[in-house]
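None of the figures in this text is laboratory data; all of them are computed from the coordinates on show. Note that the structure is predicted; figures quoted are calculated from it, not measured. Methodologically, a virtual Cβ is constructed for each residue, glycine included, from the backbone with ideal geometry; neighbour enumeration extends over all protein chains shown.
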Ligand SMILES: *Cc1c(COP(=O)(O)O)cnc(C)c1O
């Protein structure tokens, strides 16, 4: 299985190349050359999440690693989860369940993708006897999951830019209390977008790298993260109804990585009814699905900060695969002047949306109402991101047939302020988070000017 870019120029890449490169050279996103097909009868025989991963992951890695090598990597990939089989499923009633993906060390679903990425980074670096720098920016959960996933691998040094802004105290502390010599949390006075700009500059500048050293991206466009997420859709379908009927999945969405993994699972043979694209008031995706208008707007700060985005980077993969039938010339054309020029698809192509997608934009008020509803009626405490997905299901109820799975992407303890505002009293805090709260914070405060960040990386990359 080889990979190519959505813009067509960068192609015939192995898994390892795609893993280490992140973004394609032509500015596009990597896609597998075809969709590998899952034998549902075979996967039905499997039990644990790891068993399923051992079935799915090798389909994408065989250009670089043998099945035995992958199996060995996967035995140690997902660690420090507080659930035996990593995931818990909470049944609300006959028509809906909540897929709890937050039992990992950083209490957000990003542990699934980033622990897989880190395991393969480490394997590749070890095999080649090389080292790497991870350089990224975070608005919350990506940074902590990346740092945690890489911290035990001495061949990787992580430099993560943390904007002062809409992040919860506990999210920041997850990054600043790690206390490892290969981890550098950098506090920057600026917005997430400012931080992203510096990271982008870093990826073209590269002056802080040693000879032959890799510079690794951990943002959600890395294909390996999608693979890790595909696994839990198959897991959920297996556990909920053994693939006997197509399910709906409601996904709280920012950069569209999680939704795309659901779409990918369906292309690989998982029965799927509808995907509900649930967003907060940052509604670029809702505007696309409702009115064929994919245009960048300013970012609104909400109580679900991990979905506060102005564009959804992984959406290009859906445009390319689903709407354009893998026509890379058309895809390049559409993205050439985006976001300056917004994207509107040919009306007849866009109409396909309703076969598979529903969308809803949930504002902060409705998010609070939903958190309160579940707390008061079911004694179930959910975080604001999960509540966006849950509320979208309520709003779209009349359009849904069959059972719906609501993805819960973060543990509520990560967002104490919205909980408090909703009058919800959370008693059980995951051990992983409790540890973090009482530790001393260590971070580096740097200015965004004069390349001081690149200098800092260079000094600490001896
Ligand atoms: C990152 C994140 C999301 C959004 O996921 P995407 O794959 O970017 O759409 C939703 N909820 C939480 C808690 C997150 O951390």
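One quarter of the convex hull surface, Cα atoms only: what value does that give for the stretch 181-290 in nm²? Before the final figure, lay out the partial values.
On the way: hull surface 42.4 nm².
If I average the Cα hull's projected area over directions, I get 10.6 nm².
Nearest 5 percent is fine: what portion of the DSSP beta bridges confined to the chain is antiparallel?
Beta bridges within the chain, antiparallel portion: roughly 25 percent.
If you build the convex hull over the alpha carbons only and average its shadow over all orientations, what do you get for the stretch 48-193? Give it in nm² to one decimal. Intermediate results must be reported in sequence, preceding the final value.
Numbers: hull surface 42.9 nm².
Hull-based average projected area comes out at 10.7 nm².
If packing is taken as the average count of other Cβ atoms within 10 Å, what order do 319-329, 245-255, 405-415, 336-346 fall into, highest mean first? Don't jump to the answer; show the numbers that get you there.
Working: 319-329: 16.8, 245-255: 24.4, 405-415: 26.5, 336-346: 13.4.
Descending mean neighbour count gives 405-415, 245-255, 319-329, 336-346.
How many angstrom separate the Cα center of the stretch 73-98 from the Cα center of the stretch 385-426?
Cα centroid of the stretch 73-98 versus Cα centroid of the stretch 385-426: 17 Å apart.
Could you compute the FRET efficiency for residue 25 and residue 458, with r as their C-beta to C-beta distance and R0 at 22 Å, rounded to 0.05?
On the way: r = 25 Å, r/R0 = 1.13.
Computed FRET efficiency for residue 25 and residue 458: 0.30.
So between residue 39 and residue 1, what do we pick up on full extension, going 0.36 nm a residue minus the alpha carbon distance? Intermediate results must be reported in sequence, preceding the final value.
Details: separation 38, 0.36 × 38 = 13.68 nm, distance 1.72 nm.
Fully extending the segment from residue 39 to residue 1 adds 12.0 nm.
Could you tell me the largest-minus-smallest coordinate of the C-alpha atoms of the stretch 69-124 on each of the three principal axes, in descending order and whole angstroms?
Largest to smallest, the principal-axis extents are 45, 21, 16 Å.
Rank-order 372-379, 83-90, 164-171 by packing density, defined as the average count of other C-beta atoms within 10 Å over each peptide's residues, highest first.
On the way: 372-379: 13.8, 83-90: 15.8, 164-171: 18.2.
Packing proxy ranking, top to bottom: 164-171, 83-90, 372-379.
For the stretch 213-253, treating each Cα as an identical point scatterer without solvent, what Debye log10 I(q)/I(0) comes out at q = 0.22 1/Å?
-0.81
Inverting the mean 1/r over all pairs of different Cα atoms, compute the Kirkwood radius of the stretch 287-353 and quote it in Å. Could you put the intermediate results ahead of the total?
Values: mean 1/r = 0.0777 Å⁻¹.
Mean inverse Cα-Cα distance, inverted, gives 12.9 Å.
With a Förster radius of 45 Å, plug the Cβ-Cβ distance of residue 62 and residue 84 into 1/(1 + (r/R0)^6) and report the FRET value to the nearest 0.05. Working shown, then result.
Details: r = 30 Å, r/R0 = 0.66.
Efficiency at R0 = 45 Å is approximately 0.90.
Based on the alpha carbon coordinates of the stretch 112-213, what radius of gyration and maximum Cα-Cα distance (Dmax) apply, in Å?
Here Rg and the maximum Cα pair distance are 13.5, 40 Å.
Between the alpha-carbon centers of the stretch 22-67 and the stretch 102-169, tell me the distance in whole angstrom.
When both Cα centres are located, 21 Å separates them.
In Å and from the alpha-carbon atoms only, list the Rg and Dmax of the stretch 284-422.
Taking only Cα atoms of the stretch 284-422, I get Rg and Dmax of 17.1, 52 Å.
Quick check on the chain: helices-only [θ] at 222 nm, where DSSP H runs of length 4 and up contribute -39,500 (n - 2.57) each and the sum goes over total residues. Nearest 500, please. All intermediate terms of the calculation are to be shown ahead of the outcome.
On the way: 21 runs with 193 residues, N = 462.
That calculation yields -12000 deg cm²/dmol at 222 nm.
Beyond 15 Å, what percent of the Cα pairs of the stretch 194-233 remain?
Numbers: 431 of 780 pairs.
Summing the P(r) tail past 15 Å for the stretch 194-233 gives 55 percent.
Report, please, the projected area of the stretch 375-462 averaged over directions, based on the convex hull of its C-alpha atoms, in nm². Walk me through the intermediate numbers first.
Numbers: hull surface 43.1 nm².
Directional mean of the projected Cα hull area for the stretch 375-462 stands at 10.8 nm².
For the stretch 313-384, what is the largest minus smallest coordinate of the Cα atoms on each principal axis, given in angstrom and ordered from greatest to least?
Extents along the principal axes: 52, 28, 18 Å.
Roughly speaking, what % of Cα-Cα pairs in the chain are separated by over 44 Å, rounded to a whole number?
Tail fraction, whole percent: 6.
Per residue, how much space in cubic angstrom lies within the convex hull of the C-alpha atoms of the stretch 217-363? Numbers along the way, then the final one.
Working: hull volume 17.5 nm³, N = 147.
Output value, Cα hull per residue: 119 Å³.
From a point 7 Å beyond the Cα of residue 242 in the direction of its Cβ, which residues of the stretch 41-71 have a backbone N at a distance under 19 Å?
41-49, 51-52
Mind giving me the FRET efficiency for residue 340 and residue 444? R0 is 22 Å, r the Cβ-Cβ distance, nearest 0.05 is fine. Display every interim value, and only then the final one.
Values: r = 35 Å, r/R0 = 1.58.
The value I calculate is 0.05.
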